[in-house]
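Remarks on the structure that follows.
Please treat every number below as a calculation from the coordinates, not as lab data. Since we're looking at a predicted model, the values are computed, not measured. We place every Cβ from the backbone using ideal geometry, glycine too, and count neighbours over all the protein chains shown.
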């Protein structure tokens with residue numbers, strides 16, 4: 001038996017990432033991402049094992065607790081490999097490159113990402129989860145390591161040739177442009193049609209199991225339904241929002257969306273809750289609330305905000321963490337979130353249990369596959385349907401449900417809570433800043449806006465540099481990790497929503513700085529898309545598979561960096577009074593479209609930007625004070641329009657209105673009225689909320705009931 005090897009744990013023990021620190025007890029010589037690991041691999045002539053995952057990732061935990069804790073696996077790694085562990089949230093640029101290489105090699109992707117690299121950093125073999133010994137339909141990692149070590153000894157030249165071929169293919173893919181690009185309207189319609197072809201009419205959403213939310217695709221459907229009156233797009237958006245809202249993918253007890261559903265019906269989720277999912281879903285549910293007048297969608301948004309602030313927003317200094325884990329202990333699988341009927345019978349009064357049983361469909365289809373007694377809560381029946389079945393008034397069902405759910409929340413609070421990653425990443429905080437600001441305005445909740453403002457102020461004070469933009473992460477030493485495009489664009493997007501909601505120009509100015517920096521430092525040319533790293537600003541180690549230009553144009557399924565840049569630029573132009581669109585924006589659309597024209601669902605963000613590019617902004621100014629003005633304001637806030645910006649009174653610089661709009665703002669004499677201008681064409685002042693609501697919905701759109 002080999003002697004336990006403990007020294008290497010020190011390399012990860014003081015890592016900033018909680019995910020990396022959690023591996024410091026393993027008997028593996030883990031290196032963090034950087035030059036040292038590759039220098040050692042080159043010196044010793046060993047291949048590199050690259051493990052990429054995250055603290056929120058269930059199967060990463062399974063591999064850590066089983067595979068990487070296996071003594072034989074640890075021995076094989078120590079004797080034949082250089083092992084590198086990466087937190088994908090901390091190093092998304094590393095993850096992006098190796099996800100592409102491993103997918104090219106094996107057709108697999110996701111987390112944990114397991115790749116074998118040459119000492120030069122090029123992948124020659126890869127996959128995702130591997131058990132320690134053969135099982136789960138996958139080869140055991142012990143066997144994989146022995147075979148890779150043999151191949152490295154006996155067929156090293158062929159492995160290096162294969163790795164070089166993959167790397168060259170990646171470089172060629174990123175360097176080339178597609179032959180031509182369609183006209184923008186054709187691209188928008190083609191992308192929309194591909195989304196609808198993948199739409200699941202039975203459950204909502206797109207594709208089968210596993211089923212991920214695609215919030216940008218839903219936003220595209222809503223825009224198209226508004227613009228054309230297409231009932232097919234509207235129904236697909238409505239059914240998708242309802243499916244997610246009622247399914248187990250939404251935490252029916254405490255709010256917030258889980259990562260994805262393992263089945264096509266949204267019933268049983270992977271239980272991790274991510275900042276990025278909830279930040280993107282929040283605005284879509286707000287739009288759905290306004291488009292369909294469905295209060296349920298507004299309630300889902302409100303519950304999601306509550307979870308974000310209670311769980312991710314625990315730092316009193318401001319800012320939001322990255323994720324909440326799926327599991328609360330080794331070997332766990334979502335037990336914090338699930339319930340047995342036996343447990344609930346002992347917790348609830350008999351009438352309360354019956355109400356919960358029927359409302360959430362206990363012991364039905366939403367049971368954990370490994371333990372059918374464990375139920376995931378899903379909204380199976382409405383209060384009215386439960387009342388009819390139990391033959392009691394709806395008010396009684398509502399009262400029983402409220403009391404029962406409060407007891408369940410208290411009981412859940414006694415369980416060990418899954419860990420929360422407190423790391424504050426700029427991209428995630430930017431998206432949450434925008435989502436919370438919009439939610440605060442829509443829900444009439446000033447505290448939501450204040451939490452968004454606190455996050456923005458903390459990042460701008462500690463992680464913003466006019467010459468370098470926004471840093472990737474805000475930690476104890478301030479901002480760290482410069483030169484990532486997604487951070488600049490997503491943070492600018494959030495600041496612009498916050499500036500619109502608060503009327504504070506300083507947020508708009510910083511957003512403009514970030515977008516200007518993106519054009520200057522990340523561009524591939526005056527008419528090209530933007531690359532993911534700024535060559536002059538990126539301060540991470542350029543080791544491994546680093547050659548070639550990476551252009552993020554596909555949603556993942558979240559908004560790509562280039563689509564985020566486009567949408568932020570359009571929002572900025574609307575807030576600053578530009579009569580059309582920002583200079584040079586149109587020139588960037590064609591090369592982006594050329595790269596993503598066949599992306600379908602994963603081109604939805606770019607298609608949405610192209611659709612909005614073709615429309616003038618709709619500016620709504622509500623003037624006056626008192627109840628009548630407030631009624632107009634609530635009507636303006638609660639009416640859907642994809643290019644709407646709202647001002648409470650004529651704005652001050654750096655906000656601006658076109659001259660034609662400014663001409664309408666004189667002479668109100670304090671009376672409550674709304675001015676509505678699309679582009680440079682203005683309607684007569686409106687004084688009735690219902691008329692304003694109808695006017696907003698009809699501008700640039702097809703009439704609907």
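What relative contact order, as a whole-number percentage, does the chain give when Cα pairs under 8 Å and 6 or more residues apart are counted?
11
Over segment 617-705, what is the relative contact order in whole percent, taking alpha-carbon pairs under 8 Å and six or more residues apart? Let's see the in-between values first.
Details: 141 pairs, mean separation 34.2, N = 89.
Relative CO of segment 617-705 lands at 38 percent.
Just order 351-362, 584-595, 212-223 by mean Cβ neighbour count inside 10 Å, highest at the front, would you?
Highest to lowest by the protection proxy: 212-223, 351-362, 584-595.
Counting DSSP beta bridges in the chain, what percent are antiparallel, to the nearest 5?
The antiparallel proportion sits near 75 percent.
Please give the Cα centre distance for segment 311-370 versus segment 18-61, rounded to the nearest Å.
For segment 311-370 versus segment 18-61, the Cα centre distance is 33 Å.
Rounded to the nearest 10 degrees, what's the angle between the helix 394-413 long axis and the longest principal axis of the chain, both from Cα atoms, 0 to 90?
Orientation of helix 394-413: about 30 degrees from the principal axis.
Would you mind putting 513-522, 601-610 in packing order, based on average other-beta-carbon counts within 10 Å, highest first?
Top of the packing list down: 601-610, 513-522.
Take the alpha carbon gyration tensor of segment 617-705, find the square roots of its eigenvalues, order them as a ≥ b ≥ c, and report rounded if a/c is under 1.5; if not, report prolate when a/b exceeds b/c, else oblate.
Cα axes put segment 617-705 in the oblate bin.
Mind giving me the nanometre distance, one decimal, between the label points for residue 342 and residue 660, set 7 Å out from Cα along Cα→Cβ?
Computed distance between label sites residue 342 and residue 660 equals 7.1 nm.
Please state the shape class of segment 489-641: rounded when a/c is under 1.5, otherwise prolate if a/b exceeds b/c and oblate if not, all from the C-alpha gyration tensor.
Working: a/c = 2.36, a/b = 1.85, b/c = 1.28.
Note, shape of segment 489-641 comes out prolate.
Once you place label points 7 Å from the Cα toward the Cβ at residue 407 and residue 598, how far apart are they in nm?
5.8
Compute the long axis of helix 627-637 from its Cα atoms, compare it with the longest principal axis of the Cα atoms of the chain, and write down the angle in degrees, 0 to 90, nearest 10.
Approximately 40 degrees, to the nearest 10.
At a Förster radius of 25 Å, what calculated FRET efficiency corresponds to the Cβ-Cβ distance of residue 523 and residue 186, to the nearest 0.05?
Efficiency at R0 = 25 Å is approximately 0.45.
Tell me the label-point distance for the pair residue 198, residue 151, using the 7 Å Cα-to-Cβ offset, in nm and rounded to one decimal.
For residue 198 paired with residue 151, the spin-label model returns 3.0 nm.
For the ranges 242-250, 99-107, what's the packing order if you count other beta-carbon atoms within 10 Å of each residue, average per peptide, and put the highest first? Numbers along the way, then the final one.
Details: 242-250: 25.1, 99-107: 18.1.
For the peptides 242-250, 99-107, the packing ranking is 242-250, 99-107.
If you average the C-alpha positions of segment 116-177 and of segment 208-237 separately, how far apart do those two centres end up, in angstrom?
With segment 116-177 and segment 208-237 each reduced to a Cα centre, they are spaced 39 Å.
Cα axis of helix 505-521 to longest principal axis of the chain: angle in degrees, 0 to 90, nearest 10?
So the inclination is approximately 50 degrees.
Set the Förster radius R0 to 56 Å, insert the Cβ-Cβ distance between residue 446 and residue 42 as r into 1/(1 + (r/R0)^6), and round the FRET efficiency to 0.05.
Efficiency, from the Cβ-Cβ distance: 0.45.
Shape of segment 7-175 from its Cα gyration tensor (a ≥ b ≥ c, root eigenvalues): rounded if a/c is under 1.5, otherwise prolate when a/b > b/c, or oblate?
rounded
What is the gain in length, in nm to one decimal, between residue 138 and residue 315 on full extension, counting 0.36 nm per residue of separation less the C-alpha to C-alpha distance? Could the numbers behind the result be given before it?
On the way: separation 177, 0.36 × 177 = 63.72 nm, distance 4.13 nm.
Stretched out fully, the residue 138 to residue 315 stretch lengthens by 59.6 nm.
Just subtract the alpha-carbon distance of residue 398 and residue 384 from 0.36 nm times their residue separation and send over the number in nm, one decimal. Show your work: numbers first, answer last.
On the way: separation 14, 0.36 × 14 = 5.04 nm, distance 0.92 nm.
Using 0.36 nm per residue and subtracting the Cα-Cα distance, I get 4.1 nm.
Relative contact order of segment 284-403, please, whole-number percent, based on alpha carbon pairs below 8 angstrom and at least 6 residues apart.
15
Where does the chain land at 222 nm, in deg cm²/dmol rounded to the nearest 500, when only DSSP H runs of n ≥ 4 count, each adding -39500 (n - 2.57), divided by all residues?
About -15000 deg cm²/dmol.
For the pair residue 415 and residue 306, what calculated FRET efficiency results from E = 1/(1 + (r/R0)^6), where r is the Cβ-Cβ distance and R0 = 25 Å, to the nearest 0.05?
Efficiency at R0 = 25 Å is approximately 0.85.
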